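**Student:** First, the structure itself, so that you have it in front of you.
The values are calculated or read from the model by the stated rules, or taken from the named source; none is laboratory data. As the structure is a prediction and not an experimental result, all values here were calculated from the model. No Cβ is skipped: glycine too gets one built from the backbone with ideal geometry, and neighbour counts run over all protein chains shown. Surface areas here come from the heavy atoms of the whole protein model, side chains and all, with no ligands, DNA or RNA. Shrake-Rupley method; radii C 1.70, N 1.55, O 1.52, S 1.80 Å.
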Amino acid sequence: MRILVLGTSSDAGKTVIGAMICRHMARRGLDPVPFKAFNLSLNSYATKDGGEIGMGQTFQAWACGLEPETDMNPVLYKPSGGGRMQMIVGGRPLMDIGNGVEPDREAAVRGIREAYGRLSSAHGCVVCEGSGSPAELNLMSSDLANTGLMRLLGVPAVLVADIERGGAFAAIYGTWRIIPEDVRPLLKGFVINRFRGDASILGDGIRRIEELTGMRCLGVIPYLPLRFPEEDSLSRSEGRLQGEDVRQAFLSNLDELLDAAEAGGFDFRLLEDITDEGQSRRTTTRLTTDE
Amino acid sequence: MDCIKKKVNEELQRGWIGSDLACNYHPCHFTGQDCTFCYCPFYPCHDTDLGEMLVGRRGNEVWSCSDCLFIHRTEVCQFIISEVGRLGVTEAGDPRFMDIFAEAKKRFWHEGSALMVVGATSDAGKSITVAALCRILHRRGYIVAPFKSQNMSLNAKATRMGTEIAMAQTVQAKAAGLKTPDSHMNPILLKPKGDTVSQVVVCGKPYADYDVESYYGEFVPGPGRSIVRENIAFLKRHYDFVLMEGAGSPAEINIYDVDIANMGAAREADADVILVVNVEWGGAFAYALGTIELIPEEDRRRIKGVVFNNVRGDTERFRTGIPEFERLCGVPVIGVIPHGDFVLPSEDSEALRSVATMGHGRCRIAAVRYPRIANFTDLDPLFLEDVTVVFAERPEDLDGADAIVLPGTKNTVQDLLWMESAGIADKVRSLRGKVPIVGICGGYQMMGRELRDPEGIEGGVSRTLPGLGLFDMTTTFGDYSKRVVNSEGRMLVGDGGDITGYELHMGMSEVREEPLFEITNNFDRDRVTDGAVRENEMLYGTYLHGIFDRKPFRTHFLSRITHGGERYDASDSRDYDDILEENLERLADVFESNLDMDAVMRMLGVGE
Ligand code: SF4
């Protein structure tokens, strides 16, 4: 089983929804494992196997009841100032990039494929997370974690849109429109995140998007004033969740979110169907244009 | 009447003078106005494109010119003077003024055109785009009005006429050089009262409370649409251009038919539309394309350009995506605006809702962030100081604070109850006399001994509750009305410096303390005192919003702060207004050099 959680913007809530899916899968005994092919982040977590990975997958690993390990985040770019970044592959610094130095894409793709392969044979379900928006027309050709991963491994995807700022329907529809046609059929569903108020008001809009795109709405996640450590910057939550408490606080917040999603009628059956479909799809389609 | 005739005769004799910079009231309408005819030679013209007939208290009719800008246009004034010379007219009341008026109106009056700026999300940059366009067009000599049909805002400001409009339109009017923004520019203001109910303020006056369902079900299709139409028509009669700002996203397809804030308003105004997208959060191309394509065909054709806003770093890299975007969507990209740090009032409260601190200065000022905090913009001038504002939601957040601000609230009683249960109330009491504390509006009401709400206006149930007890003051929430007053005056403490501010609140206070200010309101010119002060305990309270804008009170309050054993040095402080003015200029410069202004002018029907 496998699924890719994409976001219509960088802080749409991919990490938290990914963690929620991990938690659900873990509760159901489906042995999930988190995976983010590529991560651009200042904050990393030192894993027990001596590498470093992004904070997002660390939290998701906790949600799965696992120890974070480098395979969960095979490619990491860490800004090191002055427009330069350190490229970390498989938990080890590989090279400095930026200021005209291009990353070693082949090494990245190899790292992603190998890490993913190990995780998927060791676990029941790989919960992948995208990076930024998958519809950046200016970055599309170098994408690794979104359309790049879909093309590389044929992973079915769901799209998370943050409705708090408005424009969520446009974001979902526009992202679907921009995603290249060869991988667009892998977009199976969408999630509307951080909604305040009575979700029934969204009904017409949701149906319209389902008709237009063929994607299915998995559910509407209510806005909860929970404090989750941010994926890209921990600054917002710094001082709020500290030391040993971080893990416990994160998990209890996550359980609260999962309960709220369940109470709000989130379609976990459909979610499991989509992850299952990914399994069969792998054997029936060959989406390996990147090889 | 005779006295006015005499004035007009003097004006005719004096001839064209342009802007009268020496006049104490200049500019009374807009920067750059022509003051040749302070008294209009056409009075009363009875032309309803320019003025209106009012019925006086005793049933008498009075021709009102208060909204007429026509007579303050240079081309009109120069034309009148030249015609008067040509025809040899010397006396006010000469019937030939009728002909001059008819000819002047034919030549120089036309209905203005409208342009709308919508955003793919809230905080897309609509407000600053409109502000930038207002300033650019103002600099080019046009008379421009900002407009937003409906505003969901906790940041309202009182106008000179004693009505209430959103801060965003106030700033845009300032950008347009207008001195008297009024409620036509912001006819519908929604002020959240609880989680689901909003108070609807129409043309500056409280109208009624609606929940989401009744707002869209009853208000919008009923009075809402005609309110929008009438106000746009009004502005078009008086201004060259009406620059409209949308609200939220225009592509909320679940409520599209009842939206009068975006494409619905553009339709009423027959306006072309620019879509602004904030690039910062990613997904900008998708947001733009999705927004345009989800809008029904008959409205979509109004969208004539896309502006990508807030691009950090290399805009060239971003631009590489544009050709494909234009191919997919068919609407040209008319601007890519780099990120800029502009000091402008916070667009809306959402921007501050999620941050823990603002500013990077040495002094820590804790502002209590109640759940129903209002008028965030009161704090904006503090961000220019050597100050970090900490938004306090828990008692610990007040630890180490050098000063405390209790801001305004939409509901004093509910937020005071929250303060008590969160333990913040006791914490504030314990800091009395140790650090300076200032309460503004609702925060000031809380500082009193007692708050009475006999009819449950604030809390839903009748009750009386103790306040923070910092002042000997009792506030009673009497009836469902509020004072909306724009005031100026002076401090009764410190150096007695000038202050300006505005009041809008429910409830009346009985105060048995030294007053803080002496104020004259701009509407009825009453001279009264406001607020309370205990200098020895460093306690300050006032009903006036915007009290930190002018330097005197801000520096007085800050000078009471001791940080690390040292007094706060406020000698570099400046008036917020001057800083705003500089930033509006800078904003306009950035837009002018990164936006296809020719395309904008074409949308406005001007071939420049
Ligand atoms: S409405 Fe304007 S033109 Fe007419 S009388 Fe008044 S000031 Fe003069």
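**Student:** Is it the case that some residue within segment B:23-31 is more than 30 Å from B:ILE136 (Cβ to Cβ), open to solvent by 30 Å² or more (accessible area, probe 1.4 Å) and within 13 Å of the ligand (Cβ to nearest atom)?
**Tutor:** The answer is no, given that none of the residues of segment B:23-31 is more than 30 Å from B:ILE136 (Cβ to Cβ), open to solvent by 30 Å² or more (accessible area, probe 1.4 Å) and within 13 Å of the ligand (Cβ to nearest atom).
**Student:** If you take just the strands (runs of 3 or more DSSP E) that sit entirely in segment B:96-180, which of them hold at least 2 residues that are in contact with a His (Cβ under 9 Å, 6 or more places away or on another chain)?
**Tutor:** Counting at least 2 such residues, we get B:144-147, B:156-158.
**Student:** OK, next. Going residue by residue through segment B:29-42, is there one that turns out to be touching a Leu at 6+ places or on another chain (Cβ under 8 Å) and under 17 Å from B:PHE97 (Cα atoms)?
**Tutor:** Yes: segment B:29-42 contains one or more residues that are touching a Leu at 6+ places or on another chain (Cβ under 8 Å) and under 17 Å from B:PHE97 (Cα atoms).
**Student:** Does segment B:546-562 contain any residue that is touching a Cys at 6+ places or on another chain (Cβ under 8 Å) and closer than 27 Å to B:GLN445 by Cβ? So that I can check it myself, show each step before the final result.
**Tutor:** Initially, segment B:546-562 is screened for residues touching a Cys at 6+ places or on another chain (Cβ under 8 Å), giving B:558, B:561.
Filter once more, so that each one left must be closer than 27 Å to B:GLN445 by Cβ: B:558, B:561.
Yes, because at least one residue in segment B:546-562 is touching a Cys at 6+ places or on another chain (Cβ under 8 Å) and closer than 27 Å to B:GLN445 by Cβ.
**Student:** Pairs only if they're at least six apart or on different chains, beta carbon under 7 angstrom, first in segment B:185-205 and within 14 Å of chain A (Cβ to nearest Cβ), second acidic (Asp, Glu) and buried (at least 20 other Cβ atoms within 10 Å of the Cβ); list them, first residue then second.
**Tutor:** Once the first residue is within 14 Å of chain A (Cβ to nearest Cβ) and sits in segment B:185-205, no partner that is acidic (Asp, Glu) and buried (at least 20 other Cβ atoms within 10 Å of the Cβ) comes close enough.
**Student:** Same structure, new question: Among the residues of segment A:162-188, count how many are open to solvent by less than 10 Å² (accessible area, probe 1.4 Å), facing chain B (nearest Cβ under 9 Å), of a type outside the set (D, E, K, R) and under 17 Å from A:VAL5 (Cβ atoms).
**Tutor:** Adding up the residues that qualify gives 5.
**Student:** Another question, then. In segment B:396-421, how many residues are open to solvent by less than 30 Å² (accessible area, probe 1.4 Å) and either of a type in the set (D, E, K, R) or not in a loop (DSSP other than H, G, I, E, B) (or both)?
**Tutor:** We begin by selecting, within segment B:396-421, every residue open to solvent by less than 30 Å² (accessible area, probe 1.4 Å); these are B:397-398, B:401-409, B:411-413, B:415-416, B:419.
Retained after the next criterion (residues that are either of a type in the set (D, E, K, R) or not in a loop (DSSP other than H, G, I, E, B) (or both)): B:397-398, B:402-406, B:408-409, B:412-413, B:415-416, B:419.
Residues flagged as open to solvent by less than 30 Å² (accessible area, probe 1.4 Å) and either of a type in the set (D, E, K, R) or not in a loop (DSSP other than H, G, I, E, B) (or both) within segment B:396-421 amount to 14.
**Student:** Another question, if that's okay. Going residue by residue through segment B:33-42, is there one that turns out to be open to solvent by 40 Å² or more (accessible area, probe 1.4 Å) and within 13 Å of the ligand (Cβ to nearest atom)?
**Tutor:** Residues of segment B:33-42 that are open to solvent by 40 Å² or more (accessible area, probe 1.4 Å), as a first pass: B:38-39.
The next check asks that each one be within 13 Å of the ligand (Cβ to nearest atom); those that pass are B:38-39.
Yes, segment B:33-42 contains at least one residue that is open to solvent by 40 Å² or more (accessible area, probe 1.4 Å) and within 13 Å of the ligand (Cβ to nearest atom).
**Student:** Looking at (1) within 10 Å of B:VAL118 (Cα to Cα); (2) away from chain A (no Cβ under 11 Å), can you tell me which one B:ASP272 breaks?
**Tutor:** With respect to (1) within 10 Å of B:VAL118 (Cα to Cα); (2) away from chain A (no Cβ under 11 Å), B:ASP272 is out only on (1).
**Student:** Looking at (1) surrounded by 15 or more Cβ atoms within 10 Å (Cβ to Cβ); (2) assigned to a loop (DSSP other than H, G, I, E, B), find the lone condition where B:ILE337 falls short.
**Tutor:** Failing condition for B:ILE337: (2).
**Student:** Please go through segment A:134-147 and pick out each residue that is open to solvent by 10 Å² or more (accessible area, probe 1.4 Å) and under 22 Å from A:ILE274 (Cα atoms).
**Tutor:** In the first step, residues of segment A:134-147 are kept if they are open to solvent by 10 Å² or more (accessible area, probe 1.4 Å); the result is A:136-144.
The one that is open to solvent by 10 Å² or more (accessible area, probe 1.4 Å) and under 22 Å from A:ILE274 (Cα atoms): A:LEU144.
**Student:** Quick check, is B:GLU103 more than 10 Å from the ligand (Cβ to nearest atom) and over 20 Å from B:ILE4 (Cβ atoms)?
**Tutor:** On the way: more than 10 Å from the ligand (Cβ to nearest atom): yes; over 20 Å from B:ILE4 (Cβ atoms): yes.
In short, yes.
**Student:** I'm checking my understanding of the structure. Among residues of segment B:89-100 that are open to solvent by 70 Å² or more (accessible area, probe 1.4 Å) and in contact with a helix residue (DSSP H, G or I) (Cβ under 9 Å, 6 or more places away or on another chain), which one is farthest from the ligand (Cβ to nearest atom)?
**Tutor:** If we filter segment B:89-100 for residues that are open to solvent by 70 Å² or more (accessible area, probe 1.4 Å), which is where we start, we get B:90-91, B:95-96, B:98-99.
After this cut, where a residue has to be in contact with a helix residue (DSSP H, G or I) (Cβ under 9 Å, 6 or more places away or on another chain) as well, the list is B:90-91, B:96, B:99.
Numbers: B:THR90: 19, B:GLU91: 17, B:ARG96: 15, B:ASP99: 14 Å.
Among them, the one singled out is B:THR90.
**Student:** Filter segment B:308-325 down to residues that are surrounded by 14 or more Cβ atoms within 10 Å (Cβ to Cβ) and either more than 10 Å from chain A (Cβ to nearest Cβ) or of a type in the set (A, V, I, L, M, F, W, C) (or both), then give me how many there are.
**Tutor:** Of the residues in that region, 8 qualify.
**Student:** A further question follows. Which members of segment B:211-244 meet the condition of being touching a strand residue (DSSP E or B) at 6+ places or on another chain (Cβ under 8 Å) and within 14 Å of chain A (Cβ to nearest Cβ)? Walk me through how you get there before you give the answer.
**Tutor:** Initial filter on segment B:211-244 (touching a strand residue (DSSP E or B) at 6+ places or on another chain (Cβ under 8 Å)): B:211, B:215, B:218-219, B:223-224, B:227-228, B:231-232, B:235-236, B:238-244.
Listed by number, the residues that qualify are B:ASP211, B:TYR215.
**Student:** Then there is this: Going through segment B:46-66 one residue at a time, which ones are in contact with a helix residue (DSSP H, G or I) (Cβ under 6 Å, 6 or more places away or on another chain) and within 8 Å of the ligand (Cβ to nearest atom)? Outline the logic, then answer.
**Tutor:** First, the residues of segment B:46-66 that are in contact with a helix residue (DSSP H, G or I) (Cβ under 6 Å, 6 or more places away or on another chain): B:49-50.
Across segment B:46-66, the qualifying residue is only B:LEU50.
**Student:** For segment A:80-94, check the following and say yes or no: at least one residue is within 14 Å of chain B (Cβ to nearest Cβ), surrounded by 18 or more Cβ atoms within 10 Å (Cβ to Cβ) and touching a Leu at 6+ places or on another chain (Cβ under 9 Å).
**Tutor:** Scanning segment A:80-94, I find at least one residue that is within 14 Å of chain B (Cβ to nearest Cβ), surrounded by 18 or more Cβ atoms within 10 Å (Cβ to Cβ) and touching a Leu at 6+ places or on another chain (Cβ under 9 Å), so the answer is yes.
**Student:** Right, something else. Which ones in segment B:1-16 are among the aliphatic types (A, V, I, L, M) and surrounded by fewer than 16 Cβ atoms within 10 Å (Cβ to Cβ)? Lay out the reasoning, then the answer.
**Tutor:** Of the residues in segment B:1-16, the ones among the aliphatic types (A, V, I, L, M) are B:1, B:4, B:8, B:12.
Matches in segment B:1-16: B:MET1, B:ILE4.
**Student:** Quickly run through segment B:262-293 and pick out the residues that are touching an Asp or Glu at 6+ places or on another chain (Cβ under 9 Å) and open to solvent by less than 10 Å² (accessible area, probe 1.4 Å).
**Tutor:** B:ASN262, B:MET263, B:GLY264, B:ALA265, B:ALA266, B:VAL273, B:GLY283, B:ALA284, B:PHE285, B:ALA286
**Student:** Please work out if B:VAL533 is touching a Phe, Trp or Tyr at 6+ places or on another chain (Cβ under 7 Å) and surrounded by 14 or more Cβ atoms within 10 Å (Cβ to Cβ). Talk me through it step by step, then tell me what you get.
**Tutor:** Values: touching a Phe, Trp or Tyr at 6+ places or on another chain (Cβ under 7 Å): yes; surrounded by 14 or more Cβ atoms within 10 Å (Cβ to Cβ): yes.
Here the answer is yes, as B:VAL533 does meet what is asked.
**Student:** Tell me the residue from B:GLY305, B:GLY330 that is of a type in the set (Gly, Ala, Ser) and within 14 Å of chain A (Cβ to nearest Cβ), please.
**Tutor:** On the way: B:GLY305 fails: within 14 Å of chain A (Cβ to nearest Cβ).
The conditions single out B:GLY330.
Yes/no per residue for (1) among the hydrophobic types (A, V, I, L, M, F, W, C); (2) farther than 19 Å from A:GLY167 by Cβ; (3) over 25 Å from the mean Cα position of the chain (by Cα):
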| residue | (1), (2), (3) |
| --- | --- |
| B:ASP240 | no, yes, no |
| B:ALA261 | yes, no, no |
| B:VAL276 | yes, no, no |
| B:PHE285 | yes, no, yes |
| B:THR291 | no, no, yes |
| B:GLU298 | no, yes, yes |
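**Student:** Looking at segment B:430-450, I want the residues that are surrounded by fewer than 24 Cβ atoms within 10 Å (Cβ to Cβ) and have a partner that is acidic (Asp, Glu) with Cβ atoms under 7 Å, at least 6 apart or on another chain. Which pairs are those?
**Tutor:** Pairs found: B:ARG432/B:GLU537; B:GLY433/B:GLU537; B:VAL435/B:ASP402; B:ARG449/B:ASP472.
**Student:** Being open to solvent by less than 20 Å² (accessible area, probe 1.4 Å) and either more than 16 Å from the ligand (Cβ to nearest atom) or under 23 Å from B:LEU235 (Cα atoms) (or both) is the filter here; which residues of segment B:69-88 pass it? Give the steps one after another, and end with the answer.
**Tutor:** From segment B:69-88, those open to solvent by less than 20 Å² (accessible area, probe 1.4 Å) are B:69-72, B:76-77, B:79-80, B:84; that's our starting set.
Across segment B:69-88, the qualifying residues are B:LEU69, B:PHE70, B:ILE71, B:HIS72, B:VAL76, B:CYS77.
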